[in-house]
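The values are calculated or read from the model by the stated rules, or taken from the named source; none is laboratory data. Note that this is a predicted model, so its numbers are computed, not measured. Cβ coordinates were reconstructed from backbone atoms using ideal geometry, including for glycine residues, and neighbour counts include every protein chain displayed.
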């Protein structure tokens with residue numbers, strides 16, 4: 001609807017464009033059931049003011065929701081939290097994103113071809129300067145990244161499997177959801193894109209900018225300020241959680257989900273850890289049991305998997321059994 005401000009024979013619409021009375025009437029006729037101006041209409045009207053009037057120029061006179069300085073005050077944090085919750089929620093609902101498989105993992109993991117390229121370059125640099133400690137360190141890092149590149153391929157293949165099976169229409173539709181960045185996140189979004197499906201990316205503002213990967217549809221790529229709202233959206237529709245080797249961020253998401261399941265704040269779901277060797281070298285859960293920090297049964301809240309086929313069998317069983325996620 002367009003509600004306008006009138007001067008003489010002309011009217012100004014919500015975009016600031018002038019319209020004749022005839023044009024305005026035709027616009028109103030498009031929405032005959034609506035009689036109130038929208039918030040956007042009033043913003044347009046409020047901005048059409050004469051400069052120089054101290055009342056009209058005062059921050060106190062601005063519409064509250066059009067006053068960025070006011071919205072960004074510390075006291076308005078609850079409002080901003082609600083905005084981050086609602087914006088993504090409305091968009092996901094509009095795109096019928098109802099059930100998701102969350103895929104986490106390192107942003108540093110690269111695809112096999114890139115890992116091989118990096119190792120070749122590092123080895124060449126080391127040959128030119130065999131005594132360089134920096135060159136030795138880069139060469140070692142490149143070898144590790146090549147070893148981890150297999151996880152990129154697995155994340156991509158798993159996302160393909162999830163998306164392909166969902167597109168067949170023989171089971172509830174699942175959508176892959178990631179942090180929307182590089183590494184394992186990119187691999188998962190890429191896998192969904194490979195077979196013509198759509199996936200979701202939940203990015204976040206970081207000191208070192210994390211750009212969205214190119215395989216997340218722009219209309220389903222969201223940006224957050226609050227980690228809390230981002231985490232909530234990861235789990236609100238989750239039917240399974242797949243975790244590839246990663247660092248602090250991956251640990252944070254994994255342990256938060258385990259805690260929520262343990263404390264029955266969310267319903268149980270498959271929590272799959274790819275790569276037993278990595279996880280058992282990194283985390284000794286048995287010590288937590290021995291020290292009476294968790295129950296032995298808590299170790300059943302997650303499972304190690306080594307292949308895409310193994311992971312998919314567990315996810316498919318969860319979905320077809322009709323057990324709700326979150």
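Observations on the model:
- When the test is whether a residue is surrounded by 16 or more Cβ atoms within 10 Å (Cβ to Cβ) and more than 21 Å from residue 147 (Cα to Cα), residue 290 does not pass it.
- Filtered residue count, the stretch 215-228, keeping only those that are closer than 24 Å to residue 77 by Cβ, touching a residue at least 60 places away in the same chain (Cβ under 8 Å) and in contact with a strand residue (DSSP E or B) (Cβ under 9 Å, 6 or more places away or on another chain): 4
- Residue 150 vs. criteria touching a residue at least 24 places away in the same chain (Cβ under 8 Å) and within 14 Å of residue 244 (Cβ to Cβ): yes
- Highlighted here are the helices (runs of 4 or more DSSP H) found entirely within the stretch 33-95 that include at least 3 residues which are farther than 26 Å from residue 224 by Cα: 39-47, 54-57.
- The stretch 170-206, residues that are out of contact with any helix residue (DSSP H, G or I) (no Cβ under 7 Å at 6 or more places or on another chain), within 23 Å of residue 145 (Cβ to Cβ) and surrounded by fewer than 21 Cβ atoms within 10 Å (Cβ to Cβ): 182, 206
- Failed criterion for residue 108 (all others in (1) more than 29 Å from residue 200 (Cα to Cα); (2) in contact with a helix residue (DSSP H, G or I) (Cβ under 8 Å, 6 or more places away or on another chain); (3) in a loop (DSSP other than H, G, I, E, B) hold): (1)
- Residue 276 being in contact with a strand residue (DSSP E or B) (Cβ under 6 Å, 6 or more places away or on another chain) and either closer than 17 Å to residue 243 by Cα or at pLDDT 95 or above (or both): yes
- Search result, residues across the stretch 276-313 that are assigned to a helix (DSSP H, G or I) and under 23 Å from the mean Cα position of the chain (by Cα): 308, 311, 312
- For the stretch 271-300, the tally of residues that are free of Cβ contacts under 8 Å to residues at least 60 places away in the same chain and closer than 30 Å to residue 168 by Cα stands at 3.
- Lone qualifier among 127, 121, 141 - being free of Cβ contacts under 8 Å to residues at least 12 places away in the same chain and not in a loop (DSSP other than H, G, I, E, B): 127
- Test: residue in the stretch 154-166 that is part of a helix (DSSP H, G or I) and surrounded by fewer than 15 Cβ atoms within 10 Å (Cβ to Cβ): no
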